[in-house]
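The values are calculated or read from the model by the stated rules, or taken from the named source; none is laboratory data. Computed from a predicted model, the values in this text were never measured in an experiment. Note that each Cβ is placed from the backbone with ideal geometry, even for glycine, and that neighbours are counted across all protein chains shown.
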Amino acid sequence: MTGRSGSCSIDAVLFDFGGVLADEGYKKGLHAIARRHGMNENDFFSLARELIYATGYITGRSTEAVYWQAIRDRTGIADSDADLRQEILSRFVLRPFMFDIAARLRAAGIKAAILSDQTNWLDELDVRLDIFGSFDAVYNSYHLGKSKADVSHFADVVSRMKDTPGRILFVDDDEAHCQRARSAGLKAIRYAGRDAFEKEFALYCRP
């Protein structure tokens, strides 16, 4: 590809946000809420994850207020929306080395984009942390109406990118999401830590 430097067998990389570009603030925040209320952390997380899909909040079909109220109705917690949101957003700590990789990709002529299921919280985090300017595009389930739980979402994103699926690398900390991406023809790496990721990533690209 003209203007490209480095050695890469891909044309674009799609990065998950929570768990890849940043610590997994959603899970950590929900665990913190559960601890504060004396609840089982894993059970509370499973319920909250179930409800973010069931209410339609993750795909923009309902609001954050509807989501938190559904959790209150099922658990009896009484915290405000603002307090619950802060428990989550405060735990999305950016990983500078991942942003450095994105910058090197773009400098080498490789697209770097975000593919996230973080709802409108990702927009709020961008206001706080100036995230979006480091990427060529942001594909957020809240705005697109589909999540990574739907395999057709990957085909839709590929169409928007106007790239060949086999030339796109997807990075996510959820293996089920990676499997769905592979079934749509993308390459995929399950992120399980920096060292392992950097070794596997180098098989695809050394920008």
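Restricting to segment 111-125, name every residue that is more than 13 Å from the chain's Cα centre (by Cα) and within 19 Å of R91 (Cα to Cα). If you could, list the steps in order and put the result at the bottom.
Of all residues in segment 111-125, those more than 13 Å from the chain's Cα centre (by Cα) come to 111-112, 124.
Listed by number, the list holds a single entry, E124.
How about segment 116-144: which of its residues are crowded, with 16+ Cβ neighbours inside 10 Å and of a type in the set (S, T, N, Q)?
Hits for segment 116-144 are S116, Q118, T119, S134, N140, S141.
Could you please let me know if F17 is modelled with pLDDT of 95 or more, more than 18 Å from A176 (Cβ to Cβ) and among the aromatic types (F, W, Y)?
Values: modelled with pLDDT of 95 or more: yes; more than 18 Å from A176 (Cβ to Cβ): no; among the aromatic types (F, W, Y): yes.
So F17 fails the test.
Does segment 69-109 hold any residues that are polar (S, T, N, Q) and assigned to a loop (DSSP other than H, G, I, E, B), and which are they?
Correct list: S80, S90.
Of A155, A149, which residue is over 13 Å from the mean Cα position of the chain (by Cα) and small (G, A, S)?
Numbers: A149 fails: over 13 Å from the mean Cα position of the chain (by Cα).
From the options A155, A149, the qualifying one is A155.
Using the structure shown, decide if F15 is in contact with a strand residue (DSSP E or B) (Cβ under 7 Å, 6 or more places away or on another chain) and of a type in the set (F, W, Y). Give the steps one after another, and end with the answer.
Details: in contact with a strand residue (DSSP E or B) (Cβ under 7 Å, 6 or more places away or on another chain): yes; of a type in the set (F, W, Y): yes.
Criteria met by F15.
So is L30 modelled with pLDDT of 95 or more, among the aliphatic types (A, V, I, L, M) and touching a strand residue (DSSP E or B) at 6+ places or on another chain (Cβ under 7 Å) or not? Even if it seems obvious, please write down each step before you answer.
Details: modelled with pLDDT of 95 or more: yes; among the aliphatic types (A, V, I, L, M): yes; touching a strand residue (DSSP E or B) at 6+ places or on another chain (Cβ under 7 Å): no.
Judged against the criteria, L30 is not a match.
Working only within segment 26-71, note down all residues that are within 15 Å of S141 (Cα to Cα) and not aromatic (F, W, Y).
Result: R49, I52, A54, T55, G56, I58, T59, G60, R61, S62, T63, E64.
Just give me the residues in segment 69-103 being within 16 Å of G25 (Cβ to Cβ), over 18 Å from the mean Cα position of the chain (by Cα) and buried (at least 19 other Cβ atoms within 10 Å of the Cβ), in sequence order.
Once the filter is applied, which keeps residues that are within 16 Å of G25 (Cβ to Cβ), over 18 Å from the mean Cα position of the chain (by Cα) and buried (at least 19 other Cβ atoms within 10 Å of the Cβ), segment 69-103 yields only L84.
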